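Have a look at the structure below, then the notes.
What follows is calculated from the coordinates using simple rules that are stated; it is not laboratory data. Fair warning: this is a prediction, and the values are worked out from it, not measured in the lab. Note: ideal-geometry Cβ built from the backbone for every residue, glycine included; neighbour counts use all protein chains shown.
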Amino acid sequence: MSVTLNDVARAAGVSASTVSRVLSDSPRISAETKERVRKAIKELNYFPNSVARSLARNSTKTVGLILNTESQTLTRNPFFIQAMVGISIYAQANGYDVMFSCNKNEDEDLNTAMRFVSSRRVDGIILFTSRTDDKCIYYLKRQEFPFSVIGRPDDTDSVMWVDNDNFQATYQVTVYLITKGHSKISFIGGPPGHNVSKDRFDGYKRAMSVYGFSISDSIVFSNGDFSEEFGYECMRTMLSSPDFNINKPTAIVTSDDMQALGVIKVLNEKNIPDIVVTGFNNTPVGMYHSRMIASVDVNAKDLGYYAAKLLIDSIKGEKTGSHYIVPTELVKKA
């Protein structure tokens, strides 16, 4: 039979309400009484009813994560796991639990946000993506519900967010290829309407323009997702283009290591040895592919950590800032 709050009260010689106040660390209770109650709690191995305590203080001590990815992608793409580790580190250090939801599209994200808010199952929400005209951001702002975003939002006013400088990171990796003698450089982008996709595409275009190289539409794909399947599909499409031999790239900039793996799979299948590939996120899966000569390390764990810090500090009334820019590193492998 489980130990109850009344059992603790009897053992400590106090009322049940006094035990509740000790659990909430009320300043109205003397240090001597707190010590006696805590001793009884330890001896009886009492665990407070977290649900009841949450209702009493109008807090769940839980943050919700909304991930715009299907569950199978979550397990295959290390970025999400690394970011979630960072979130968990800060959340646990501050006594918070984490609840997450995987969704296929923006409408599902919005429905999840509405459920979280209406049920009050979480104290705040972390969004794993930022879109143009983002429905979730608009909704959460209207509800005045605490949230933070991994990704730069359209309107940064009154929004807590964390991101890399994705424009500069992609500019840097494209320039790296140019300095290695490449001029025909292909680009594979991310989901349309996501600011991270726009920033990475803009960085690529800017580098090509600064160095005076033209961009062929037949080797540029700016409308996809961060998956191995999309990288595979793009490479197959390039090979089937009637002017591939004219516009054949010698290097391909991808927006995610998973895309890079898809590209490499086609190159190996077709025995095409003279095209190199760069990735994004510097995940362990890319370490074993010699064709991936560089990858941008976005420090995903730090992105998650600071997204959690912004949110939880704000919930606790200890707001320390509105955003963080996490540095990236170009990891060269050749």
per DSSP, antiparallel bridges as share of beta bridges in the chain, % nearest 5, sits at 15 percent
So what's the angle, to the nearest 10 degrees on a 0 to 90 scale, between helix 78-93 and the longest Cα principal axis of the chain? 20 degrees
By how many degrees, 0 to 90 and rounded to 10, does the Cα axis of helix 300-315 deviate from the longest principal axis of the chain? 40 degrees
For a quick check: with amide H placed at 1.01 Å from N, whose amide H comes under 5 Å from His194's, ignoring anything fewer than 5 positions away on the same chain? Thr132
Quick check: net charge around His323, other residues with Cβ under 14 Å of its Cβ, Lys/Arg +1 and Asp/Glu -1? -4
Segments 302-310, 255-263, 89-97 sorted - mean Cβ within 10 Å per residue, highest first: 255-263, 302-310, 89-97
Estimated vicinal HN-Hα couplings, Hz - region 243-260 in sequence order (Karplus 6.51, -1.76, 1.60; Gly, Pro = x): 9, 4, 5, 7, 9, 4, x, 9, 8, 10, 8, 9, 9, 6, 4, 5, 4, 4
Once you've got the Cα coordinates, tell me which of Lys205/Lys301; Lys301/Lys333; Lys61/Lys141 are over 25 Å apart. Lys205/Lys301
How high is the relative contact order of the chain? Use alpha-carbon pairs under 8 Å, at least six apart in sequence, and give a whole percent. 17 percent
For Cα pairs less than 8 Å apart in space and 6+ apart in sequence, what is the mean separation divided by the residue count of region 166-297, i.e. the relative contact order in percent? 25 percent
Check which residues have an amide H placed less than 5 Å from Phe100's amide H, if you skip close sequence neighbours. Leu65
FRET efficiency for Asn6 and Ser26 from the Cβ-Cβ distance with R0 = 22 Å, rounded to 0.05, comes out at 0.75
To the nearest 20 Debye, how big is the dipole of region 58-134 about its Cα centre, given +1 on the beta carbon of each Lys and Arg and -1 on that of each Asp and Glu? 280 debye
Just to check I understand the Karplus step: with θ = phi - 60° and J = 6.51 cos²θ - 1.76 cosθ + 1.60, what whole-Hz values come out for region 105-117, glycine and proline as x? 8, 5, 5, 5, 4, 4, 4, 5, 4, 5, 5, 4, 6
Here are labelled values, (1) 0.99; (2) 1.07; (3) 1.12, and one is the computed Rg/Rh (Cα atoms, Kirkwood Rh) for what I pasted. Which one? (3)
Going by how many other beta carbons lie within 10 Å of each one, how would you line up Lys198, Lys316, Lys42, fewest first? Lys42, Lys316, Lys198
Can you tell me the relative contact order of region 254-334? Whole percent, Cα pairs under 8 Å, sequence separation 6 or more. 28 percent
Cβ-placed point charges (K, R +1; D, E -1), dipole of region 166-297 about Cα centre in debye, nearest 20: 380 debye
Quick one: order Thr320, Thr4 by neighbouring beta-carbon count within 10 Å, fewest to most. Thr320, Thr4
Which ordering of Glu106, Glu269 is given by a fewest-first count of other beta-carbon atoms within 10 Å? Glu269, Glu106
Rounded to the nearest 10, the angle in degrees between the Cα long axis of helix 228-240 and the longest principal axis of the Cα atoms of the chain comes to 10 degrees
So for region 166-297, taking the charge dipole from beta-carbon charges (+1 Lys/Arg, -1 Asp/Glu), which of Ile178, Met292, Ile188 sits furthest toward the positive end? Ile178
